[in-house]
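This report concerns only the one structure given below.
The values are calculated or read from the model by the stated rules, or taken from the named source; none is laboratory data. Please read all numbers here as calculations on a predicted model, not as lab measurements. Positions of Cβ are backbone-derived with ideal geometry, glycine not excepted, and every protein chain shown enters the neighbour counts. What goes into the accessible areas is simple: the full protein's heavy atoms, side chains included, and nothing from ligands, DNA or RNA. Shrake-Rupley method; radii C 1.70, N 1.55, O 1.52, S 1.80 Å.
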Amino acid sequence: MKKVLILGCTGSIGTSTIDIIRNTPEDFKICGLQCHSNKEKLEQLAAEFHCPSLLTKNNNQPENYQKLIDESKPDIVVNGIAGTSGLLPSKIVLENGIDIALANKETIVMAGNLIKALAAQKKATLLPVDSEHSAIFCLINQIKKENLKKIIITASGGPFRNFTKEELENVTVEMALKHPTWKMGPKITVDSSTLANKGLEVIEAAYLFDLDVTQIDVTVHPQSLVHSIVQTKDGMMYAQVSEPDMKHPIINALNWPNNKQTFMPDFDIFDRTMTFMKPNYENFPLLSYAFNCVKNGNAYPIAFNAANEVAVAEFLNKKISFTAIANSVEKILQDDWSCKITSFEDVFEQDKLARRKTKDLLGIN
């Protein structure tokens, strides 16, 4: 039986993980829980699973994460924390040599090379939980990296994939929070509607799988049934297909390297429609900015993530327009972010600098 520590236990990833463990008590036991601010829910879960090891944002310091790990003694940690604040816990988990089921893409976007080196040094396994990266991870393990030609990351396209530029100018917060296929938190839902989330996934894939920008492509697939595709050197394509439910990649990470029968229903392919099209890079420029960040490397991905995070928060607070998100990121990326990233201190310093510049740009105190 694996002991599981869940970070971000009241969010969408945490909730799905808990549902998996409720359905497979013979395989997994919750040994620790962390949440951002929903203390009432946290205490309910602690009582249900007889789990004494808890942490909330009020104690969100490195030493408290270390204490949580020391007390709970997990075999695997699920990091479902949203945003940049998920990086530090990922670092601490890996420093302890513990496998991590990683749903926090910012960990890799901001510090991919450092995180991979740390995982290798501590002999811990990085198990991607984003549905796209989980699919690519599984497919590459099947076809072997030496046979890989390229990957194709699928995107739902969000709720505005057929909007004109003029229509995008009038997108409201309420409109952006209605995702057509996935149920997620507000920030990632907005990111999905701007395709910034897909941009972050492009950066994440480049670091996770050691890929050149020319080996990564994106296709809009509105049904969200194909979770990504790999192409081998002979031109053949292999896809992972399932219902759009985050429990699938979480189960895969929790059970890795085994593939077990689960409580989830088998996928039924009959009478299903699957369509694929090229993204509209002109209307959704954040995706193209992300590709440029992969090319430029260094602190460009950090700046992309930080500027987008600040701008999305302002949009959610109804201070800026929907299209101002991409405009803000573009302006920040025009600065020089070519400094080498050699330590986690460099990462946090560049993140802080990009946030300050974005706030100055948007007139935030």
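Determine, for region 215-305, the count of lysine pairs separated by eight or more sequence positions (or lying on different chains) whose alpha-carbon distance falls under 26 Å.
Pairs that pass both the separation and distance tests number 4.
Which of the aspartates and glutamates could a cross-linker span from Lys357 if the Cα-Cα distance has to be under 17 Å and same-chain partners fewer than 8 positions apart are dropped?
Glu309, Glu314, Glu330, Asp335, Asp336, Asp346, Glu349
Hey, any idea what % of region 231-326's accessible area is carbon plus sulfur with a 1.4 Å probe?
51
Of all the accessible heavy-atom surface of region 85-124, with the other protein chains kept in place and a 1.4 Å probe, what percent is carbon and sulfur?
48
If each DSSP helix of 4+ residues adds -39,500 (n - 2.57) and the sum is divided by the residues in the chain, what number results at 222 nm, nearest 500 deg cm²/dmol?
-14500 deg cm²/dmol
Find the relative contact order for region 109-241 and round it to a whole percent, using C-alpha pairs within less than 8 Å whose residues are 6+ positions apart.
RCO, region 109-241: 39 percent.
Using the C-alpha atoms of region 195-276, what convex hull volume per residue, in cubic angstrom, is computed?
Given the Cα convex hull of region 195-276, per-residue volume reads 143 Å³.
Of all DSSP beta bridges located in the chain, what percent are antiparallel, nearest 5?
Antiparallel bridges: around 30 percent, rounded to the nearest 5.
Within straight cross-link reach of Lys116, meaning Cα distance under 18 Å, which lysines are found once same-chain residues fewer than 8 apart are removed?
Partners within reach: Lys91, Lys105, Lys145, Lys340.
To the nearest 10 square angstrom, what accessible area does Asp130 show with a 1.4 Å probe?
10
Can you give me the % of accessible surface on region 1-42 that is carbon or sulfur? Probe 1.4 Å, all protein chains present, nothing else counted.
Accessible surface attributable to carbon and sulfur in region 1-42 totals 48 percent.
State whether region 28-81 is rounded, prolate or oblate according to the following rule on the C-alpha gyration tensor (a ≥ b ≥ c being the square roots of its eigenvalues): a/c under 1.5 gives rounded; otherwise a/b larger than b/c gives prolate, and the remaining case gives oblate.
Verdict is oblate for region 28-81.
Can you list the residues, at least 5 places off or on another chain, whose amide H is less than 5 Å from the amide H of Lys150, using H built in the peptide plane?
Under 5 Å from the amide H of Lys150 lie the amide H atoms of Gln231, each far enough along the sequence or on another chain.
With every protein chain left in place, what is the accessible area of Thr24 in Å² (1.4 Å probe, nearest 10)?
The value for Thr24 is about 20 Å².
Of all trypsin sites (Lys or Arg not before Pro) in region 329-365, which ones are in loop regions per DSSP and have a Cβ with at most 10 other Cβ atoms within 10 Å?
Lys340
Restricting to Cα pairs below 8 Å that are 6+ residues apart, what does the relative contact order work out to for region 42-156? Please round to a whole percent.
For region 42-156, the relative contact order is 18 percent.
Let me know the Rg and Dmax you get for the chain when you use only its Cα atoms, in Å.
Final numbers for Rg and Dmax: 19.7, 55 Å.
In square angstrom, rounded to the nearest 10, how much accessible surface does Val218 have for a 1.4 Å probe?
For Val218, solvent-accessible area is about 10 Å².
Any idea of the accessible area per residue across the chain, 1.4 Å probe, to the nearest Å²?
45
Around Ile76, which amide H atoms from residues at least 5 apart in sequence, or from another chain, sit under 5 Å from its own amide H, with H modelled in the peptide plane?
Here the answer is Lys3, Leu5, since their amide H atoms fall under 5 Å of that of Ile76.
In percent, how large is the relative contact order of the chain, given Cα pairs closer than 8 Å and 6 or more residues apart?
The value is 15 percent.
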